[in-house]
Amino acid sequence: MTPILLWIDALENRYWSIRGRLRGPVNDPQICGDGFCALGVLCDLYLKNGGEDVLKFKARWDGSHFVWDEDGTEQRQSNENDVPKPVMVWWKKFHAMDLAGIITFNDDLYRSFNELAMYLRGAAGLHYVTAK
């Protein structure tokens, strides 16, 4: 499955939403576990589905930080102002779509994960099939 299809499915079904950080605690005492911003979900999917690239970059989560190795130097990212390099390399293998607007969509416009999934479906030319 391509990253955009994985991302749409994950946004619609499997992740708690937070804003301003790739990964962090959910601000709800009834929810146990971490939440993710929209790009954090994509980072998590990369770790689970990126294959050899994950090993090449030694990518991983360290708390709320996405961590990878680049030229022998550890790189860390916790905010969502940029897509971490390994995730972008993986994304670009499949899609030409720019991800810059996703940050605005998630943080500045306060859109839900379902709204973002609908946006991604449209951008990818995918449509819902409804049962009769």
- Message: Quick check on the stretch 30-47. Is at least one of its residues modelled with pLDDT of 90 or more, within 22 Å of Leu116 (Cα to Cα) and surrounded by fewer than 20 Cβ atoms within 10 Å (Cβ to Cβ)?
- Response: yes
- Note on the structure: Checked the stretch 89-115 for anything under 17 Å from Tyr15 (Cα atoms) and in contact with a Phe, Trp or Tyr (Cβ under 6 Å, 6 or more places away or on another chain); matches are Arg111
- Message: Looking for something small (Gly, Ala, Ser) and in contact with an Asp or Glu (Cβ under 8 Å, 6 or more places away or on another chain) - is there at least one such residue anywhere in the stretch 68-84?
- Response: no
- Message: Phe105 - would you say it is closer than 22 Å to Ala123 by Cα and in contact with a helix residue (DSSP H, G or I) (Cβ under 8 Å, 6 or more places away or on another chain)?
- Response: yes
- Yes or no: Asp9 buried (at least 17 other Cβ atoms within 10 Å of the Cβ), modelled with pLDDT of 90 or more, of a type in the set (Asp, Glu) and within 24 Å of Arg121 (Cβ to Cβ)? no
- Message: Show me the helices (runs of 4 or more DSSP H) entirely contained within the stretch 45-132 in which 2 or more residues are among the small types (Gly, Ala, Ser) and at negative phi.
- Response: 100-103, 113-124
- Item | In the stretch 57-75, the residues that are farther than 21 Å from Ala10 by Cα and in contact with a helix residue (DSSP H, G or I) (Cβ under 8 Å, 6 or more places away or on another chain) | Phe57, Trp68, Asp69, Glu70, Gln75
- Note on the structure: Thr73 fails exactly one of (1) more than 12 Å from the chain's Cα centre (by Cα); (2) among the polar types (S, T, N, Q); (3) modelled with pLDDT under 85, namely (3)
- Leading residue by the ranking (surrounded by the most Cβ atoms within 10 Å (Cβ to Cβ)) among those in the stretch 101-115 that are more than 18 Å from Asp82 (Cβ to Cβ) and touching a residue at least 24 places away in the same chain (Cβ under 8 Å): Phe113
- If we keep only residues of the stretch 73-88 that are aliphatic (A, V, I, L, M) and touching a Phe, Trp or Tyr at 6+ places or on another chain (Cβ under 9 Å), then the residue surrounded by the most Cβ atoms within 10 Å (Cβ to Cβ) is Val87
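The values are calculated or read from the model by the stated rules, or taken from the named source; none is laboratory data. Nothing here was measured: the structure is a model prediction, and the numbers come from that model. FYI the Cβ positions are ideal-geometry reconstructions off the backbone, even for glycines, and counts take in every protein chain you see.
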